[in-house]
Amino acid sequence: MQQQVFNTLTELEMRDAQERQQGLPGSQRIQALHPDSAKFLYITALGSKAKNIIEVGAGRGYSTIWLALAAQAGGGHVTTCELDPARAEEAQLYLNKAGLTDYVTILVGDARETLRAQQNPVDLLFIDANKDQYETCFDVVYKRLGVGSVIVADNATSHADELLDYIMYVQNHPHLESATILIGRGLEVSVKTSV
Ligand SMILES: C[S@@+](CC[C@H](N)C(=O)[O-])C[C@H]1O[C@@H](n2cnc3c(N)ncnc32)[C@H](O)[C@@H]1O
């Protein structure tokens, strides 16, 4: 990993840890993906050779940087969605710092709207947004997911109650295989097995 990428990830991890230690409410924290989950997501994107990667919930760009690294390695591209323009701007700054802007397009606005206009196939979908919106975000992208594509959703154990409907939905879906992975704050990982 290049030094500037490592430094930027470390800066974001330290900021996240400090803000959690200070007991700041979620709305005032960067709420970065757990580093173990981030590494898992990166390995999943690399291993599945994902070219077109969609992220819902860029925040300040921590997970986006990991996805962008996978895109850089595999000749892919990340489209990330962020509702809050100020956070999107910060994510852009951190991507600049990491030197990975060429691999990322940031869509500012509600992903349930910004993603509707897109048609191209998706290889990997990562959802880390408002917990009551996972199902809708999944549905908006579903028709673009090919067989073998991967869907990763964060907070499957830390927010198990809020994500229960989503988890039941993907685990009982006729065209998906899905499992809850006990890493970080829990990841629900699904693979599309048929159309
Ligand atoms: C937990 S944070 C994401 C953290 C980020 N993945 C990281 O690792 O740094 C959730 C983010 O999702 C954004 N968000 C929530 N609902 C959204 C939606 N419908 N469309 C786009 N962004 C959304 C929030 O503004 C917030 O910045």
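Since every read-out is calculated from the coordinates, none of them should be taken as a lab result. Only a predicted model underlies this, so the values are computations on that prediction, with no experimental measurement involved. Every residue, glycine among them, receives a Cβ derived from its backbone with ideal geometry; neighbour counts consider all protein chains shown.
With the highest mean first, a sort of the peptides 46-52, 81-87, 66-72, 56-62 on other beta-carbon atoms found within 10 angstrom per residue produces 56-62, 66-72, 81-87, 46-52. Of the residues THR180, THR64, THR136, which exhibits the maximal mean-square fluctuation in a Gaussian network model of the chain defined by a 10 Å Cα contact cut-off? Sorting by GNM fluctuation, first place goes to THR136. For the chain, relative contact order (Cα pairs under 8 Å, six or more residues apart, normalised by length) works out to 18 percent. Compute the relative contact order of region 29-98 as a whole-number percentage, counting only Cα pairs closer than 8 Å that sit 6 or more residues apart in sequence. Across region 29-98, relative contact order equals 35 percent.
Residue order for TYR166, TYR134, fewest other beta carbons within 10 angstrom first, comes to TYR166, TYR134. DSSP assigns beta bridges within the chain; of those with both partners inside it, close to 35 percent run antiparallel. Sorting the segments 152-160, 23-31 by their residues' average number of neighbouring beta-carbon atoms within 10 angstrom, most packed first, yields 152-160, 23-31.
Taking each DSSP H run with n ≥ 4 as -39500 (n - 2.57) and averaging over every residue of the chain yields -12500 deg cm²/dmol at 222 nm.
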